[in-house]
1. In degrees between 0 and 90, to the nearest 10, how far off the longest principal axis of the chain does helix 21-41 point, with axes built from Cα atoms?
2. What lysines could a cross-link reach from Lys110, if we take a straight Cα to Cα line under 27 Å and drop same-chain neighbours fewer than 8 places away?
3. Would you check the accessible area of Arg21, probe 1.4 Å, heavy atoms only, in square angstrom rounded to 10?
4. Across 5 Å bins from the origin, how do the percents of Cα pairs in the chain run, short distances first?
5. Would you work out the charge dipole size for the chain about its Cα centre, treating the Cβ of every Lys and Arg as +1 and the Cβ of every Asp and Glu as -1, and quote it to the nearest 20 debye?
6. Out of Thr26, Thr138, Thr126, any idea which swings most in a Gaussian network model of the chain, alpha carbons joined below 10 Å?
7. So how tilted is helix 146-192 from the main axis of the chain? Cα-based, degrees 0 to 90, rounded to 10.
8. How long are the three semi-axes of the equivalent ellipsoid of region 96-175, in whole Å, if each is the root of 5 times an eigenvalue of the C-alpha gyration tensor, listed from largest down?
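The values are calculated or read from the model by the stated rules, or taken from the named source; none is laboratory data. All values derive from a computational prediction rather than experimental measurement. For neighbour counting, all protein chains shown are included, and Cβ atoms are generated from backbone atoms with ideal geometry for every residue, glycine included. Note: accessible area is taken over every heavy atom of the protein model, side chains too, but ligands, DNA and RNA are not part of it. Shrake-Rupley method; radii C 1.70, N 1.55, O 1.52, S 1.80 Å.
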Amino acid sequence: MATNDTAYTLADYVSLLKRRRRILLTVFPAAVLISIFYAYWLPTLYESSATILIEASSVSDKMVMTTVAIDSDAQINAVRRGALSNENLRVLVQKLDPYPDSPEMSVDDKISLVRSSVSLLRVSPTDFKPDVNGAAFTISYQNPDRARAKAVMQQLAELFLDYNRKARERAADETYRFLSEKAKAVDAEVRAA
(Lines give C-alpha, C1' and ligand atoms only; values in the text may rest on other atoms or scores of the structure.)
Protein backbone atom coordinates (compact mmCIF):
# COMPACT_ATOMS: atom_id res chain seq x y z
CA MET A 1 0.00 0.00 0.00
CA ALA A 2 1.69 3.12 -1.24
CA THR A 3 0.87 6.55 0.08
CA ASN A 4 0.99 9.70 -2.00
CA ASP A 5 2.81 12.41 -0.06
CA THR A 6 2.90 14.84 -2.99
CA ALA A 7 2.45 18.47 -2.02
CA TYR A 8 0.07 20.25 -4.35
CA THR A 9 0.86 23.72 -5.58
CA LEU A 10 -1.38 26.57 -6.67
CA ALA A 11 -0.71 25.63 -10.30
CA ASP A 12 -2.05 22.13 -9.62
CA TYR A 13 -5.30 23.56 -8.27
CA VAL A 14 -5.65 25.95 -11.21
CA SER A 15 -5.07 23.06 -13.57
CA LEU A 16 -7.76 21.05 -11.76
CA LEU A 17 -10.24 23.91 -12.09
CA LYS A 18 -9.48 24.27 -15.81
CA ARG A 19 -10.03 20.56 -16.39
CA ARG A 20 -13.33 20.61 -14.47
CA ARG A 21 -14.61 23.98 -15.71
CA ARG A 22 -17.52 22.41 -17.63
CA ILE A 23 -18.81 20.81 -14.46
CA LEU A 24 -18.29 24.01 -12.46
CA LEU A 25 -19.96 26.19 -15.12
CA THR A 26 -23.03 23.94 -15.35
CA VAL A 27 -23.60 22.59 -11.84
CA PHE A 28 -22.99 25.78 -9.83
CA PRO A 29 -25.28 28.11 -11.88
CA ALA A 30 -27.92 25.37 -12.10
CA ALA A 31 -27.89 24.94 -8.32
CA VAL A 32 -28.18 28.71 -7.81
CA LEU A 33 -31.08 28.99 -10.28
CA ILE A 34 -32.89 26.03 -8.73
CA SER A 35 -32.43 27.56 -5.27
CA ILE A 36 -33.78 30.93 -6.40
CA PHE A 37 -36.75 29.30 -8.16
CA TYR A 38 -37.49 27.18 -5.07
CA ALA A 39 -37.34 30.21 -2.78
CA TYR A 40 -39.86 32.11 -4.91
CA TRP A 41 -42.02 29.05 -5.51
CA LEU A 42 -42.53 28.33 -1.78
CA PRO A 43 -45.59 30.00 -0.31
CA THR A 44 -44.97 33.02 1.88
CA LEU A 45 -45.49 32.38 5.58
CA TYR A 46 -45.76 35.18 8.09
CA GLU A 47 -44.83 34.55 11.69
CA SER A 48 -46.27 36.50 14.56
CA SER A 49 -45.02 36.01 18.09
CA ALA A 50 -45.53 37.10 21.67
CA THR A 51 -43.22 36.68 24.64
CA ILE A 52 -44.67 35.94 28.07
CA LEU A 53 -42.73 36.23 31.31
CA ILE A 54 -43.11 33.44 33.87
CA GLU A 55 -43.53 34.96 37.32
CA ALA A 56 -42.60 33.14 40.46
CA SER A 57 -45.19 32.65 43.17
CA SER A 58 -45.85 35.74 45.26
CA VAL A 59 -46.37 33.66 48.40
CA SER A 60 -43.12 33.08 50.25
CA ASP A 61 -41.97 29.49 50.67
CA LYS A 62 -41.22 30.35 54.30
CA MET A 63 -44.87 31.26 54.89
CA VAL A 64 -46.43 28.28 53.14
CA MET A 65 -44.36 25.24 52.32
CA THR A 66 -45.55 23.79 49.05
CA THR A 67 -46.16 20.07 48.86
CA VAL A 68 -46.07 19.93 45.08
CA ALA A 69 -42.97 21.09 43.25
CA ILE A 70 -43.86 22.44 39.82
CA ASP A 71 -41.03 23.40 37.54
CA SER A 72 -41.50 26.05 34.89
CA ASP A 73 -41.45 23.47 32.06
CA ALA A 74 -44.40 21.67 33.61
CA GLN A 75 -46.12 25.01 34.13
CA ILE A 76 -45.60 25.99 30.48
CA ASN A 77 -46.83 22.59 29.27
CA ALA A 78 -49.93 22.83 31.46
CA VAL A 79 -50.69 26.32 30.17
CA ARG A 80 -50.10 25.17 26.60
CA ARG A 81 -52.47 22.23 26.96
CA GLY A 82 -55.14 24.42 28.53
CA ALA A 83 -54.79 27.35 26.13
CA LEU A 84 -54.63 25.14 23.03
CA SER A 85 -57.55 22.95 24.06
CA ASN A 86 -60.03 21.95 21.38
CA GLU A 87 -62.70 24.11 23.01
CA ASN A 88 -60.55 27.27 22.96
CA LEU A 89 -59.26 26.69 19.44
CA ARG A 90 -62.77 25.93 18.15
CA VAL A 91 -63.91 29.37 19.35
CA LEU A 92 -60.83 30.97 17.78
CA VAL A 93 -61.31 29.20 14.42
CA GLN A 94 -65.02 30.05 14.30
CA LYS A 95 -64.32 33.68 15.20
CA LEU A 96 -61.30 34.39 12.95
CA ASP A 97 -61.20 31.56 10.37
CA PRO A 98 -57.42 31.49 9.99
CA TYR A 99 -57.64 29.56 6.70
CA PRO A 100 -60.49 31.07 4.64
CA ASP A 101 -58.83 29.96 1.40
CA SER A 102 -59.49 26.35 2.39
CA PRO A 103 -63.28 26.12 2.71
CA GLU A 104 -63.11 22.35 2.20
CA MET A 105 -61.34 21.97 5.55
CA SER A 106 -63.49 21.12 8.52
CA VAL A 107 -63.27 23.08 11.76
CA ASP A 108 -61.42 20.15 13.36
CA ASP A 109 -58.87 20.15 10.51
CA LYS A 110 -58.34 23.88 10.97
CA ILE A 111 -57.92 23.37 14.73
CA SER A 112 -55.22 20.78 14.04
CA LEU A 113 -53.51 23.09 11.56
CA VAL A 114 -53.56 26.00 14.02
CA ARG A 115 -52.16 23.76 16.75
CA SER A 116 -49.36 22.52 14.46
CA SER A 117 -48.58 26.11 13.40
CA VAL A 118 -48.00 27.20 16.99
CA SER A 119 -44.57 26.81 18.55
CA LEU A 120 -43.28 27.57 22.03
CA LEU A 121 -39.68 28.39 22.84
CA ARG A 122 -38.14 29.10 26.24
CA VAL A 123 -36.19 32.36 26.10
CA SER A 124 -34.19 34.63 28.35
CA PRO A 125 -36.36 37.53 29.53
CA THR A 126 -33.53 40.03 29.06
CA ASP A 127 -32.39 39.38 25.48
CA PHE A 128 -35.12 37.02 24.16
CA LYS A 129 -32.52 34.49 22.99
CA PRO A 130 -33.33 30.78 23.35
CA ASP A 131 -32.55 29.60 26.87
CA VAL A 132 -33.79 26.29 28.30
CA ASN A 133 -33.69 27.80 31.79
CA GLY A 134 -35.24 31.12 30.75
CA ALA A 135 -38.00 32.66 32.80
CA ALA A 136 -40.02 33.55 29.70
CA PHE A 137 -41.37 31.81 26.64
CA THR A 138 -42.18 32.96 23.13
CA ILE A 139 -45.32 31.75 21.38
CA SER A 140 -45.13 31.88 17.59
CA TYR A 141 -47.81 31.33 14.98
CA GLN A 142 -47.36 31.02 11.21
CA ASN A 143 -49.97 31.81 8.57
CA PRO A 144 -49.85 32.68 4.84
CA ASP A 145 -51.76 35.93 5.52
CA ARG A 146 -49.98 38.66 7.48
CA ALA A 147 -53.12 40.18 9.03
CA ARG A 148 -54.50 36.77 10.03
CA ALA A 149 -51.17 35.76 11.57
CA LYS A 150 -51.28 38.88 13.73
CA ALA A 151 -54.96 38.51 14.68
CA VAL A 152 -54.64 34.81 15.54
CA MET A 153 -51.46 35.46 17.54
CA GLN A 154 -53.21 38.16 19.56
CA GLN A 155 -56.03 35.72 20.36
CA LEU A 156 -53.55 32.96 21.22
CA ALA A 157 -51.61 35.25 23.55
CA GLU A 158 -54.87 36.20 25.26
CA LEU A 159 -55.76 32.50 25.59
CA PHE A 160 -52.39 31.76 27.20
CA LEU A 161 -52.64 34.71 29.57
CA ASP A 162 -56.28 34.00 30.48
CA TYR A 163 -55.62 30.34 31.13
CA ASN A 164 -52.56 31.16 33.24
CA ARG A 165 -54.51 33.81 35.18
CA LYS A 166 -57.34 31.36 35.89
CA ALA A 167 -54.86 28.68 36.99
CA ARG A 168 -53.17 31.17 39.33
CA GLU A 169 -56.56 32.24 40.72
CA ARG A 170 -57.44 28.60 41.43
CA ALA A 171 -54.08 28.11 43.16
CA ALA A 172 -54.59 31.32 45.17
CA ASP A 173 -58.09 30.18 46.21
CA GLU A 174 -56.71 26.82 47.33
CA THR A 175 -53.95 28.55 49.28
CA TYR A 176 -56.51 30.89 50.89
CA ARG A 177 -58.71 27.96 51.89
CA PHE A 178 -55.72 26.08 53.27
CA LEU A 179 -54.53 29.07 55.29
CA SER A 180 -58.08 29.76 56.53
CA GLU A 181 -58.43 26.17 57.73
CA LYS A 182 -55.05 26.32 59.47
CA ALA A 183 -55.95 29.66 61.07
CA LYS A 184 -59.25 28.21 62.34
CA ALA A 185 -57.45 25.15 63.68
CA VAL A 186 -54.87 27.30 65.49
CA ASP A 187 -57.64 29.56 66.80
CA ALA A 188 -59.53 26.54 68.10
CA GLU A 189 -56.37 25.23 69.81
CA VAL A 190 -55.73 28.61 71.42
CA ARG A 191 -59.31 28.84 72.69
CA ALA A 192 -59.14 25.28 74.01
CA ALA A 193 -55.93 25.96 75.89
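1. In the chain, helix 21-41 runs at an angle near 30 degrees to the longest axis.
2. Lys95, Lys150, Lys166
3. 130
4. 1, 6, 10, 11, 10, 9, 8, 7, 6, 6, 6, 5, 5, 3, 2, 1, 1, 1, 1, 1, 0
5. I would put it at about 640 debye.
6. With Cα springs under 10 Å in the chain, the top fluctuation among Thr26, Thr138, Thr126 is at Thr26.
7. Here the helix axis deviates by roughly 30 degrees.
8. Rounded to whole Å, the semi-axes are 28, 19, 10.
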